[in-house]
Amino acid sequence: MDPVALYSRLAANGPPLFFPDPPSPVTFNLDQGIPAEETFPVEDLKRLAGQILDTDGPRALEYISFGYEDDEDRILYLATYIELVLGYTGLRDELAKWMTGREGREFGADNFILASGSVQAIALAINAFVDPGDGVLVEAASFPYAIRYMEMREADVRSVAIDSEGVDVEDLERQILAMKADGVRPKLMYVIPTFQLPTCVQTPLARRERLLELAEEHEIVVLEDNIYGDLRYEGESLPTLLSLDRSGLVLQSHGFSKIVAPALRIGWVCGDEKMIEGLAGVRQDLGVSQWLARMMAAFMAEGKLDPHIAMVNDVYRHRRDTAIAAVREHCGDFVRFDVPQGGFYLWLELDDAVDWDQVGPRAAENGVMCRPGERFMADGDSRRFLRLAYSHASEAELVRGIEALGAAIRSAAKAPAGN
Ligand SMILES: Cc1ncc(COP(=O)(O)O)c(C=O)c1O
């Protein structure tokens, strides 16, 4: 296998990953939104992995947990089928308790479907509710993997403007009406209201409420991606769309990837039971790992999740502050950004004084990988933004990487900023 040739083929057809090509060598990876390894609860997971095998034995290694002795018992048989399509009931029970506590709504296990990461959860929602030609609304900069699923489904994807306060609800209404005027049925809205990807902005309460009114009025399913919602380093939490929903149209995707560890590959969608059934109906695989789902159910039952989230937030708050100080020192007047209250990223807008076409190659020469904003735009039109991920690199690496990025940006300056 020639990895360079294979990379080129996959990059041409697959989701947008790198720019311009991964620099060689990559000394500073400020590109990917990957969690910090030192936050992974390795000891707890090691202990729970063994404990589950001791208590549950081979059942933990099955497709599903055959929780009955009598094969004739049809009801129990059907229950195991349901567990296959929705995921291990014990984990869905724990998630229901966790979500009931925080969302101010009652949830039960049947309000959840487990998936191989929230990416698969998003794909299930798109496949369940969007038919070819249907309209889908996304924020003007959004999660490329989600957009790709919509395109693969041959949806008519339209962008809704965002600003420093997230979704522009007036533009949302305009886009819905324009879609209808074009004879396209708006079916689904995919939004990341808290610590939006890639901008890290938050949509305030009034806009959330208006968005839900529009969804209800036009009967549009809302898929709220809450993967960064718990990574809050300061400020008051805002009610999620799911917690505000009275129509049953909101589905929320979430998962353990950013708050515990991505290799668990456990995500979920939470929402109205009928909607969850819709997702189960398009499931093509045989579910998530029983063993890992049981481990995470035990992790939650031991009360470990919330303290763990508090610990990771301390790590990332510090890292965010380090990144901000380094950007101010090394990129100075050449970039502008808002300080995010959470999430993994700084969304840097480059000053006009910088020759944008030079930034990528110069950063690559300095060994820095950092993602250009256009990679997140459905229509690919907006340049001059860089998304800097501060979550993964160690503090020392972060500072040296931002110094190298700053040197690249300064060397691409056409004239001093402001001249
Ligand atoms: C906005 C957003 N949603 C979902 C995901 C997917 O996470 P996972 O499939 O690991 O749960 C990511 C990962 O980067 C993301 O940025």
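In this structure, the amide hydrogen of Ser237, modeled 1.01 Å from its nitrogen in the peptide plane, lies closer than 5 angstrom to no residue at least 5 positions away or on a different chain.
Placing pseudo-labels 7 Å out from each Cα toward the beta carbon at Arg384 and Thr27 gives an inter-label distance of 3.0 nm. All distinct Cα pairs of segment 314-359 go into the 1/r average, and the inverse of that average, the Kirkwood radius, is 11.5 Å.
May I ask you to order 90-102, 187-199, 212-224 by the average number of other C-beta atoms within 10 Å around their residues, highest value first? If you can, show how the numbers build up before the last one.
Values: 90-102: 18.5, 187-199: 25.9, 212-224: 20.2.
Ranked by mean Cβ neighbours within 10 Å, highest first: 187-199, 212-224, 90-102.
Note on segment 263-336: the C-alpha convex hull projects to 8.8 nm² when averaged across all orientations. Here the spin labels are modelled as points 7 Å beyond Cα on the Cα-Cβ line, and at Ile34 and Asp306 they lie 3.2 nm apart.
Grab the beta carbon distance between Tyr63 and Glu365, set R0 = 35 Å, and tell me the FRET efficiency rounded to 0.05.
Working: r = 50 Å, r/R0 = 1.43.
It comes out at approximately 0.10.
Stretching the chain fully between Ala79 and Ala325 yields a gain of 83.1 nm (0.36 nm per residue, less the alpha carbon separation).
Give me the dipole magnitude in Debye, nearest 20, for the chain about the Cα centre, with unit charges on the beta carbon: positive for Lys and Arg, negative for Asp and Glu. Before the final figure, lay out the partial values.
Details: 41 positive and 68 negative charges, 171 e Å.
That gives the chain a dipole magnitude of about 820 debye.
Using mean Cβ contacts within 10 Å as the protection proxy, how do 157-165, 359-367 order, highest first?
359-367, 157-165
Across the options Phe334, Phe299, Ala155, the greatest Cα extent toward the positive end of the charge dipole of the chain (unit charges at beta carbon of Lys, Arg, Asp, Glu) belongs to Phe334.
Sorting 393-404, 110-121 by average packing, meaning the other beta carbons within 10 Å per residue, from highest down gives 110-121, 393-404.
A cut-off of 5 Å between modelled amide H atoms, ignoring neighbours fewer than 5 places along the same chain, links Leu197 with no other residue.
Residues in segment 362-377 carry Karplus couplings, in order, of 5, 5, 4, 4, 7, x, 9, 10, 8, 8, x, x, 4, 5, 10, 9 Hz; the curve used is 6.51 cos²θ - 1.76 cosθ + 1.60 with θ = phi - 60°, and Gly or Pro positions show x. Dipole of the chain computed with +1 at Lys/Arg Cβ and -1 at Asp/Glu Cβ about the Cα centre; of Met99, Thr80, Cys200, farthest Cα towards the positive end is Cys200.
In terms of modelled amide H atoms, which long-range or inter-chain residues lie less than 5 Å from the amide H of Gln341? Close amide H contacts, sequence-distant or interchain: none at all.
Applying the Karplus relation 6.51 cos²θ - 1.76 cosθ + 1.60 with θ = phi - 60° to segment 408-413 yields 3J(HN,Hα) values of 5, 5, 5, 6, 8, 6 Hz, where x marks Gly and Pro.
Give the average over all directions of the projected area of the C-alpha convex hull of segment 90-226, one decimal, in nm². Each step should come with its number before you reach the end.
On the way: hull surface 33.2 nm².
The Cα convex hull of segment 90-226, projected and averaged over all directions, gives 8.3 nm².
Using a Förster distance of 45 angstrom, determine the FRET efficiency expected from the C-beta separation of Val282 and Glu395, and round it to 0.05. Could you put the intermediate results ahead of the total?
Working: r = 43 Å, r/R0 = 0.96.
Efficiency for this residue pair is about 0.55.
The modelled label-to-label distance between Val339 and Ala181, using points 7 Å beyond Cα along the C-beta direction, is 4.3 nm. Across the chain, the fraction of Cα-Cα pairs farther apart than 32 Å, rounded to a whole number, is 39%.
Under 21 Å of direct C-alpha separation, and excluding same-chain neighbours fewer than eight residues apart, Lys97 reaches these lysines: Lys258, Lys274, Lys304.
A short reminder: the numbers here are calculations on the coordinates, not readings from a lab. Everything quoted here is computed from the prediction, not taken from an experiment. Virtual Cβ from ideal backbone geometry, glycine too; neighbours counted across all protein chains shown.
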